[in-house]
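Shown next, in structure tokens, is the structure this report addresses.
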Amino acid sequence: MTTAPTQPGQPALVLRDVVARDAAGAKATARGMLYGVSLDLGATDVAVVGAIEDGTLALAEVLVGRFRPDRGTVRVQGKDPFNAVELRCRIASIGIDPALPLAASVLASVDLATSAWPSPVAAADVLARFGLGALGPRAVASLTASEVRAVEIALALAIPDPALVVALEPFADLSMVPRARLEEALAERARVCPVVAITSSPADAKRFGRSVVLHRGAFARSTEGAHAGLAPALDASLTVWVSSGARELVAALSRDPAASSIAFDATTNDADAHATSGILRVSGKDADALALAIADATRASGAAVTAVAEGAPGLAEVRAATEHELRSRQLASQQMRALEMQAQAQMMAMQRAQMPGPYGMPAPGAQPYGYGGAPQQGVPAPPAFSPQARGKEEPVVSPSPGTGDKEPPR
Amino acid sequence: MSAVVSARAGARMAIARLQGRAAIAVAFVALVVPIIVALVERREATAGASDRALSTVFRFVVPLLTFSLSQLPIGGKNLRDAVWPAARFGLHRGFVALGHVAVGGAAGAIASLLAAVVAVLVARLGAPSGPSDMTLASDVVATIWIAPLVAFAYAAWFGLGATFGRSGGGRGYVLLADFLVGSLGVFGVLLPRGSAYNLIGLSAPLDVPQRAASGVLVAVTIVCAAVCALRCKR
């Protein structure tokens, strides 16, 4: 099966004014929609951050060719994924609701899935790459959701010569596949084709080179690199899991100026303060200083810290920031429009001033010269008759100042 | 090649879904109900018992059996959604759907054949024949090809119906229409019931000759399956 290579300079993934809906609502109604979304993507990775209500599922479904968009076009390497069967077998998809073809066993299911691939891959090899060989003889119906997802990930990342990778919540429910292995595989794929990771987790979006916020069915904004740009510039935040001595750690941290706020959630509240375990959310201006402060406080308090993780803004914060930015843009555009209208009005007023009115009278709103109006200081009075301006019309004589009670000559 | 691979994949998926308890239950019904029907008819009168038993089997048992066995591979879904787990890996939606319909039809054909043959045997074995009764062998031979033909036509119709409605509810309407108007006029030609009645010697809708009825059934099966595949492709 030959594959059409992308034209030089042509993006591998092109979306043009796509209007689409998912069918995830009650009675197969739309839960999220896309309203005229456009996107050009080459071999790179991008995280689309948003909720299903923002149209993330609708986006995933049109990208993998499950549904045809209501309007607009989707092209992957110049082909429509809904119609082009030979393209669809090169689109790797990791769905939110994993679905394997039902077969006698997992191995048979994988074999069935790979039967349309351009170059055959042994089903056992697909599973073995992610250490899932033990699932092979089991019945598909006996798999748990995370096992089905693991098989789906293994299948998606085994596709030879992929044209597109679409991963919906790629790092959710990863009990069977090591996260680092998946990150590595996605990064590897991003070197040869577009990788679109659709997620509602800004922390997951951080793993990708670029993040695009899908807000109310449209791409609202785009940020490069870490999630700092996804939400307003908040303080650095670290989450600390403490198995014992949590209270003492909080006390030690509270004395350090690097920590501006500490939220403590005790999981066990033992009478012995040193036995208290819990989760601390520590915020400060500088992440490095904060990490150092935690290290110092841990040493000083003798607390047992299990893990430390960088805090990330939640989707609610990202949405709020997006809403704020959109409002700001809207306000700026309204102000710009008002300024333009003002400038236009001034321009029109100036033009009217230069144009003589009927009988040589100045146009309404023009500079008050003529009837009773004295010429302004430094402004020369216009000529009473300008043959250049009036052409071959009858000459009209402007009434001179102080003769307002007289009719102009006809 | 791709079409064959896709149809085979569809068939494999359908077979996997048919290997459950529900299919065994349907097979049990296919065996027990005709026996009961045949015994009741035989008790009523031995003459013409097999015709009456067959009539009941084709009226109720064959459509309902085929409906159940066509629904099992698809589940409570629209056929387009049912084929997506295979189509997402590059298999052709339309041919995967054809694989589903074919397996549903084959399962329905086997069950219908079993039901019809059992009904004839129970009604005829050991009982004196009436003057107008065909020989037992002729009855069985006729049943052997009529039952699968009718079952495949039903499966194709149900497959097409399953492409309508978000959970494939269209197949239910096909079944309802078949019960209500399936032996009347034009509907009797288009829906399998009319041709089935014609083939087993009951009423002939629009006076279609008995020989043409089998051709009509084959044509209806092909057209319905083709439209079903096209609808899944779109």
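What follows is calculated from the coordinates using simple rules that are stated; it is not laboratory data. Predicted model, so just to flag it, every value in this text is computed and none were measured. As a convention, Cβ positions derive from the backbone with ideal geometry for all residues, glycine included, and neighbour counts pool all protein chains shown.
Some notes on this structure:
- Selection among B:A116, B:L39, B:L79 by position relative to the dipole of region B:2-233 gives B:L79 as farthest towards the positive end (Cβ unit charges, Cα centre).
- Fraction of beta bridges assigned by DSSP in the protein assembly as shown that are antiparallel (%, nearest 5): 70
- Legend: distances between Cα atoms for B:K77/B:K233; A:K27/A:K79; A:K27/A:K206; pairs beyond 25 Å are A:K27/A:K79; A:K27/A:K206.
- 3J(HN,Hα) from dihedral phi, region B:70-75, Karplus parametrisation 6.51/-1.76/1.60, rounded to Hz, x for glycine, proline: 7, 6, 4, x, 8, x
- Cα→Cβ-extended label distance, 7 Å offset, between A:R68 and B:V40, nm: 4.8
- Per residue, the convex hull spanned by the Cα atoms of region B:1-101 measures out at 98 cubic angstrom.
- The charge dipole of the protein assembly as shown, taken about its Cα centre with unit charges on the Cβ atoms of Lys, Arg (+1), Asp and Glu (-1) only, comes to about 1700 debye.
- For region A:33-119, the normalised intensity computed at q = 0.10, 0.11, 0.14, 0.18 Å⁻¹ comes to -0.31, -0.37, -0.59, -0.93 (log10 of I(q)/I(0), Debye sum over alpha carbons, equal scatterers, no solvent).
- Rg/Rh ratio calculated on Cα atoms of chain B (Kirkwood radius): 1.01
- The three principal axes of the Cα atoms in region A:236-310 give end-to-end lengths of 34, 20, 17 Å, sorted in falling order.
- Each Cα pair under 8 Å and six or more residues apart adds its sequence gap; the mean of these over the residue count of chain B is a relative contact order of 24 percent.
- Treating each Cα of region A:69-152 as an identical point scatterer and summing with the Debye formula, the log10 of I(q)/I(0) at q = 0.14, 0.18, 0.25 Å⁻¹ comes to -0.54, -0.81, -1.23.
- Largest first, the three principal axis extents of the alpha carbons in the protein assembly as shown are 134, 96, 51 Å in whole numbers.
- 15 Å beta-carbon shell around A:K79, net charge (K/R +1, D/E -1): +2
- Ranking of A:H324, B:H92, B:H100, A:H215 by count of other Cβ atoms within 10 Å, fewest first: A:H324, A:H215, B:H92, B:H100
- Shape call, region A:123-267: gyration tensor on alpha carbons, a/c limit 1.5: oblate
- For region B:82-195, the pair-distance distribution built from all alpha carbon pairs, in bins 10 Å wide starting at 0, is 14, 32, 30, 17, 6, 2, 0 percent.
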